[in-house]
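Here the structure is laid out as structure tokens; the discussion comes afterwards.
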Amino acid sequence: MRVLVTAGPTYEPLDPVRFIGNHSTGKMGYALAEAFAAEGAGVTLVSGPTSLPDPANPRITTQRVQTADEMYAAAAAVAPEADIWVFAAAVADYKPSQAAENKIKKDGDTLTLELVKNVDIAGTLGHTKRPEQYSVGFALETNNEQAYALDKLRRKNFDLVVLNSLRDAGAGFRHDTNKVSLLEAGGQTTIFELKPKTAVARDIVETVLARYSRHA
Ligand code: CTP
Ligand code: CA
């Protein structure tokens, strides 16, 4: 069993010393990589910048990237050989249309940046998915949670989407705990309690492996 996991944020450079990025510790993705490896899978962990050490488990190969473009290239190289894809990264939706070669100086009272949309890693790879492959996405929503999550499931060709609701106290990117619902392409929904991210990862891996064995 081979698993691809994307994790962490991406950093999109503005100039040599600045970037646009987002709050993501990478903990959920790293916990998923560990949980799949604990079940005997070989895992490629494509990670944006995090303060976490590379997982020590020899079944996990960690590839470090900075930008969404780099994350896409690394993931696309592994995806055809992987049985299961897990897109846990918090990819920056937009990047500066061009990175300045030199440090931007504090010249004016305002600064306008032009941003362009980044590649949708999960969505683009989703169109290449073979019937026997299984794709898992994440959705972090503040409103219309189920509808938005199911829309992502369809658009990105996920088999299962992990919905994080920011309405739940103690859940999300600022915490070590998470409360998730798993929404499946077949219409099934499983709601889990608030738990440490390592326990959430085990729940997700258990469900994904059970579904994968019956899949295709
Ligand atoms: N994702 C991705 N590449 C992107 C954006 C998102 O691979 N450029 C993946 C995420 O890793 C996650 C899923 O797509 O598994 C949903 O991410 P999310 O940010 O919720 O979706 P977006 O399509 O970016 O929609 P929006 O931010 O507008 O809600
Ligand atoms: Ca997004």
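Count of the range 145-175 residues, restricted to those that are more than 15 Å from ligand 2 (Cβ to nearest atom) and open to solvent by 50 Å² or more (accessible area, probe 1.4 Å), is 9. Among the residues of the range 70-86, are any of a type outside the set (A, V, I, L, M), surrounded by 14 or more Cβ atoms within 10 Å (Cβ to Cβ), within 16 Å of ligand 2 (Cβ to nearest atom) and within 19 Å of His23 (Cβ to Cβ)? No, every residue in the range 70-86 fails to be of a type outside the set (A, V, I, L, M), surrounded by 14 or more Cβ atoms within 10 Å (Cβ to Cβ), within 16 Å of ligand 2 (Cβ to nearest atom) and within 19 Å of His23 (Cβ to Cβ). Look through the range 101-128, keep the residues that are away from ligand 2 (no atom under 13 Å from the Cβ) and open to solvent by less than 40 Å² (accessible area, probe 1.4 Å), and return whichever of them is nearest to Arg211 (Cα to Cα). Result: Gly126. Comparison of Thr177, Thr198, Thr142 shows that the only residue that is among the β-branched types (Val, Ile, Thr) and in contact (Cβ under 8 Å) with a residue 60 or more places away in the chain is Thr198.
Taking the range 180-209 as the range and being out of contact with any helix residue (DSSP H, G or I) (no Cβ under 7 Å at 6 or more places or on another chain) and small (Gly, Ala, Ser) as the test, the residues that pass are Ser181, Gly186, Gly187, Ala199. Contact map, the range 90-119: first residue on the phi > 0 side of the Ramachandran plot and within 9 Å of ligand 1 (Cβ to nearest atom), second residue outside any loop (DSSP other than H, G, I, E, B) and open to solvent by less than 50 Å² (accessible area, probe 1.4 Å), Cβ cut-off under 7 Å, separation 6 or more or different chains; the map is empty. Identification of strands (runs of 3 or more DSSP E) wholly contained in the range 147-197 with 1 or more residues that are at pLDDT 95 or above and away from ligand 1 (no atom under 12 Å from the Cβ) yields 180-184, 189-191.
Candidates in the range 129-139 are the residues that are in contact (Cβ under 8 Å) with a residue 12 or more places away in the chain and more than 11 Å from ligand 1 (Cβ to nearest atom); of these, the one that is most open to solvent (accessible area, probe 1.4 Å) is Pro131. Out of everything in the range 1-49 that is open to solvent by less than 10 Å² (accessible area, probe 1.4 Å) and among the β-branched types (Val, Ile, Thr), what residue ends up being farthest from Leu209 (Cα to Cα)? By that ranking, first place goes to Thr10. The residue that is farthest from Asn164 (Cα to Cα), counting only those in the range 1-31 that are among the aliphatic types (A, V, I, L, M) and assigned to a strand (DSSP E or B), is Leu14.
With respect to (1) over 18 Å from Tyr11 (Cβ atoms); (2) open to solvent by 50 Å² or more (accessible area, probe 1.4 Å), the lone exception for Gln98 is condition (1).
The values are calculated or read from the model by the stated rules, or taken from the named source; none is laboratory data. Because the structure is a prediction, the values reported are computed rather than measured. Cβ: placed from backbone, ideal geometry, glycine included. Neighbour counts: every protein chain shown. These area figures cover heavy atoms from the full protein model, side chains too; ligands, DNA and RNA do not enter into them. Shrake-Rupley method; radii C 1.70, N 1.55, O 1.52, S 1.80 Å.
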